[in-house]
Amino acid sequence: MIPKSPNEALRPERVPQPPRRSRKARSQLVIFLNFVMTMIVFVGVVAVAGFFYVMDSYQKPGPLATNTNFVVRSGAGLAEIANNLERNNIVSDARIYRYVTATYLEEGDTLKAGEYEVKAGASMKEVTELLQSGKSILYSVSLPEGLTVKQMFQRLAEDNVLEGDLPTELPAEGSLRPDTYKFSRGTNRAEIVSQMAAAQEKLIDQIWERRDPDLPVKTKEEFITLASIVEKETGKDDERAHVASVFINRLAKGMRLQSDPTIIYGLFGGDGKPADRPIFQSDIKKETPYNTYVIKGLPPAPIANPGRAALEAVAHPWKTKDLYFVADGTGGHVFAATLEEHNANVRRWRKLEAERAANPPATLDVAPEVDPQAKKN
């Protein structure tokens, strides 16, 4: 070591110069490429962050506070559905819902029309799965046995969930199946009518094919007509086949059916009897094509739409010798094979009615106390 004087020791040493950048490093192209790479990395980071944000938004609980019903209009597109979902505060962002759902749905999948119950806090994904499933809220309309076509149409017209017009031409009496039909909001009334007609045709064909071979009714139309009369005569399941046997026996003997509901249909048609209009004794003798107290055999067409039980009863009636029946005062009927037995049953019924009221109303449940065989001529 070379000894230094105090002045030399305090003098700062010379700092080495930094290395000079190469010409290549100072190139504008390199600077640009560095910028591009930086932007790519930045955009990639933003894209990944955005992807995770969007997917988190799509799968996390939504803003809906309480359960609500949501309607998807028939023919609505994904953009309309997304906007309506946001408008109803079911999803937080219509754009996220729209674009993610578009990628979520596989080819051929759609969001189905209908009314849906969306649960509170449902995520966008859960909403999509619900609308994709088609499990919409179902409503129902009940059309009991024994209604005429006009009466069924009136019930369909009064249902405020169904949409659209009913067919302008009434289907044939007896051609619509009585039942409870389920449907979603937006279903057309004409669709229900078509469903009823197809169901009734299928049911009648099935029962007609396995009917008893010795029935006096020879055509399917006669079969439906007789079933409609049985339907209107009794609402008790356990006596329909018994009532059917009475009419089958009468037809076999050439006796008039003398069914009270045929009088009513002959007078009022498919509209039915007004509630404030009594039935008079003179109505029994009025000549109409349907009045089986006047005409022989079956009416020209059904008087109502029969259900399965009435059709089965006519296809497989009880084997009896009964030719008469009258109300028993309990909602059912009492049957008789002879006129004498029948008249005794009528007297008992009248006595029971007299005990119930001082002035019992006139009723058509009682057949005339004469042998119907005598009316053939």
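The values are calculated or read from the model by the stated rules, or taken from the named source; none is laboratory data. A quick note: this is a predicted structure, and the numbers were derived from the prediction, not measured. Here the Cβ is made from the backbone with ideal geometry for all residues, glycine too, and neighbour counts use every protein chain on show. The protein model used for the area step is the full one, side chains on, heavy atoms only, and it has no ligands, DNA or RNA in it. Shrake-Rupley method; radii C 1.70, N 1.55, O 1.52, S 1.80 Å.
In this structure, does Tyr293 turn out to be buried (at least 20 other Cβ atoms within 10 Å of the Cβ), among the aromatic types (Phe, Trp, Tyr) and under 23 Å from Glu201 (Cβ atoms)?
Numbers: buried (at least 20 other Cβ atoms within 10 Å of the Cβ): yes; among the aromatic types (Phe, Trp, Tyr): yes; under 23 Å from Glu201 (Cβ atoms): no.
In short, no.
Kindly check whether there is at least one residue in segment 228-237 that is at pLDDT below 95 and out of contact with any helix residue (DSSP H, G or I) (no Cβ under 7 Å at 6 or more places or on another chain).
yes
Being outside any loop (DSSP other than H, G, I, E, B) and touching a Ser or Thr at 6+ places or on another chain (Cβ under 7 Å) is the filter here; which residues of segment 311-334 pass it?
Initially, segment 311-334 is screened for residues outside any loop (DSSP other than H, G, I, E, B), giving 311-315, 324-327, 333-334.
Once the filter is applied, which keeps residues that are outside any loop (DSSP other than H, G, I, E, B) and touching a Ser or Thr at 6+ places or on another chain (Cβ under 7 Å), segment 311-334 yields only His333.
Could you tell me which residue of segment 145-172 is most open to solvent (accessible area, probe 1.4 Å), considering only residues that are touching a residue at least 60 places away in the same chain (Cβ under 8 Å) and either closer than 30 Å to Tyr97 by Cβ or part of a loop (DSSP other than H, G, I, E, B) (or both)? I'd like the intermediate steps shown before the answer.
Going residue by residue through segment 145-172, those that are touching a residue at least 60 places away in the same chain (Cβ under 8 Å) are 145-152, 170, 172.
Now drop any that are not either closer than 30 Å to Tyr97 by Cβ or part of a loop (DSSP other than H, G, I, E, B) (or both), which leaves 145-148, 170, 172.
On the way: Glu145: 100, Gly146: 6, Leu147: 26, Thr148: 7, Leu170: 79, Ala172: 67 Å².
Ranking the candidates gives Glu145 first.
Name the single residue that is surrounded by the most Cβ atoms within 10 Å (Cβ to Cβ) among those in segment 108-122 being part of a loop (DSSP other than H, G, I, E, B) and not small (Gly, Ala, Ser). Working first, answer last.
Pass one, segment 108-122, residues part of a loop (DSSP other than H, G, I, E, B): 108-113, 119-122.
Applying the additional criterion that residues be not small (Gly, Ala, Ser) yields 109-112, 119.
Values: Asp109: 11, Thr110: 11, Leu111: 21, Lys112: 16, Lys119: 15.
Residue satisfying both the conditions and the ranking: Leu111.
Filter segment 299-313 for residues that are open to solvent by 40 Å² or more (accessible area, probe 1.4 Å) and not acidic (Asp, Glu); which is farthest from the chain's Cα centre (by Cα)?
As a first pass, look at segment 299-313 and keep what is open to solvent by 40 Å² or more (accessible area, probe 1.4 Å): 300, 308-309, 312.
Okay, now just the ones that are also not acidic (Asp, Glu), so 300, 308-309.
Numbers: Pro300: 32, Arg308: 19, Ala309: 21 Å.
Out of the qualifying residues, it is Pro300.
Which one of these is within 31 Å of the chain's Cα centre (by Cα), at pLDDT 70 or above and farther than 20 Å from Gly134 by Cα: Ala65, Ala82? Can you show your working first?
Details: Ala82 fails: farther than 20 Å from Gly134 by Cα.
Just one listed residue meets the conditions, Ala65.
Thr338 - would you say it is within 15 Å of Val246 (Cβ to Cβ), modelled with pLDDT of 85 or more and either of a type outside the set (S, T, N, Q) or touching a Ser or Thr at 6+ places or on another chain (Cβ under 8 Å) (or both)?
No: the conditions fail for Thr338.
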